[in-house]
Amino acid sequence: MIECSVCHSKIEPPASKSISRAYDKHRTFVSSKTRFLNVILVAGDCLLVGFQPILVYMSKVDGGFKYSPISVNFLIEVAKVIFAVVMLLFQSRHKKVGEKSLLSVSALVQAARNNVLLAVPALLYAINNYLKFIMQLYFNPATVKMLSNLKVLVIAILLKMIMKRKFSILQWEALALLLIGISINQLRSLPEGASSFGLPVATGAYLYTLIFVTVPSLASVFNEYALKSQFESSIYHQNLFLYGYGAMFNFLAILGIAIFKGPSSLDILQGHSKATMLLICNNAAQGILSSFFFKYADTILKKYSSTIATIFTGIASAVLFGHTLTINFVLGISVVIISMHQFFSSYSKVKDEQRSGNFKMVESIDSQRSRDASFPNKTDVSENASHHVNEEKGPLLPV
């Protein structure tokens, strides 16, 4: 606790910068450009995430995948690495006079040292991308959707633990509304007579569920922390190493499968079609967009954006495959939109901003008092100087 030297009121000190700087160091002021960027990110993410399940559905043959999911993930990471290299080349050509090239050996070595933490989310993403295919093959589709809702609360808890992010009561209520809204939208897909969430009773199912919920949440939060903790680094440098690590982990998985199944598994293009190529391009663009989310926005906004993408998925499914839009869809999306407005409303952040302002005011008052104590005022200085001069001249005698 910090006590004000004027009014003697006590307030809590701000969180340690060494831990929380990855979130709030660059969030103290939100400019109009940042808001515009957030709108572009949300719109692009809604479009890409909305088409992803449709492309996965189109890539299935007889209810299964003819291609290796790991090969798809590897090609996605390679595509993202190529994009990062192209953007670094573009920036190097348009660098200012006297600036060091981003592709120079010293710049790459320095960026590699600063962003070594990105290997952690890269490994988690490699595991998660494979789990996406496994869950869709061996679990009820309704189960996958319902379980993915739990990521909202897991991400919020991880942000509070790792990023030291603070949520108001209104924001926790908004996250609960988000969970309810998504569940309302997806209750229509539960089959009649299914058990709670359609979960199998086998122990392996619960293990898959725990991994499916925890791994992507950890990946998102660690990715945001790693990107923002090196905020001054070029995002394309960070993408280069993040996707490079991801490609390396997926390639190691391909080699591991080839050892057990034979050299034929090394054919990463086996079983691919036009739909899978579109899926690779879509997921690569989605991953690139996510890096901008995590660095310049936050994980919660990304989750809301992915949820809003359900609107695009529902409408596209109705147009392309003749699926009907139920009342659950309309009610669920309405609750999600209300939740999003409540979470990002200024009313949910007033208390934190006011407390921060009080701390700055107390700090300013204390610094002013310390300066006053260190330097006497002008009147005292002039009186002391006059007294010193009179003592040197001695007493004045009448004429």
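The values are calculated or read from the model by the stated rules, or taken from the named source; none is laboratory data. Only a predicted model underlies this, so the values are computations on that prediction, with no experimental measurement involved. Glycine gets a Cβ as well: all are built from the backbone with ideal geometry, and neighbour counts include every protein chain shown. The protein model used for the area step is the full one, side chains on, heavy atoms only, and it has no ligands, DNA or RNA in it. Shrake-Rupley method; radii C 1.70, N 1.55, O 1.52, S 1.80 Å.
From the list Ile280, Ile300, Ile338, the lone residue that is in contact (Cβ under 8 Å) with a residue 40 or more places away in the chain, within 22 Å of Leu159 (Cβ to Cβ) and either crowded, with 21+ Cβ neighbours inside 10 Å or touching a helix residue (DSSP H, G or I) at 6+ places or on another chain (Cβ under 6 Å) (or both) is Ile300.
Only a single criterion out of (1) outside any helix (DSSP H, G or I); (2) closer than 30 Å to Thr276 by Cα; (3) not hydroxyl-bearing (Ser, Thr, Tyr) is not satisfied by Val72, namely (1). Restricting segment 237-269 to residues that are hydroxyl-bearing (Ser, Thr, Tyr) and either open to solvent by 10 Å² or more (accessible area, probe 1.4 Å) or over 26 Å from the mean Cα position of the chain (by Cα) (or both) leaves a set whose member that is nearest to Lys80 (Cα to Cα) is Tyr245. One residue stands out among those in segment 270-304 that are assigned to a helix (DSSP H, G or I), of a type in the set (Gly, Ala, Ser) and over 16 Å from Pro216 (Cα atoms): the one that is farthest from the chain's Cα centre (by Cα), which is Ala275. Listed by position, the helices (runs of 4 or more DSSP H) enclosed by segment 101-173 that each have at least 1 residues that are farther than 21 Å from Asn185 by Cα and modelled with pLDDT of 85 or more are 105-114, 119-138, 151-162. Does segment 222-236 contain at least one residue that is surrounded by fewer than 17 Cβ atoms within 10 Å (Cβ to Cβ) and not polar (S, T, N, Q)? Yes; the residues of segment 222-236 include at least one that is surrounded by fewer than 17 Cβ atoms within 10 Å (Cβ to Cβ) and not polar (S, T, N, Q).
The set of residues in segment 251-277 being in contact (Cβ under 8 Å) with a residue 60 or more places away in the chain and either in contact with an Asp or Glu (Cβ under 6 Å, 6 or more places away or on another chain) or among the hydroxyl-bearing types (Ser, Thr, Tyr) (or both) consists of Ser265, Ser273, Thr276.
Let's see how each residue does on (1) within 15 Å of Asn129 (Cβ to Cβ); (2) modelled with pLDDT of 85 or more; (3) among the polar types (S, T, N, Q):
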| residue | (1), (2), (3) |
| --- | --- |
| Val49 | yes, no, no |
| Gln52 | yes, no, yes |
| Val61 | no, no, no |
| Ser71 | yes, yes, yes |
| Val85 | no, yes, no |
| Leu89 | no, yes, no |
| Val97 | no, no, no |
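Give just the number: which of (1) open to solvent by 30 Å² or more (accessible area, probe 1.4 Å); (2) modelled with pLDDT under 85; (3) among the small types (Gly, Ala, Ser) does Ala79 not satisfy? Here Ala79 clears every test but (2).
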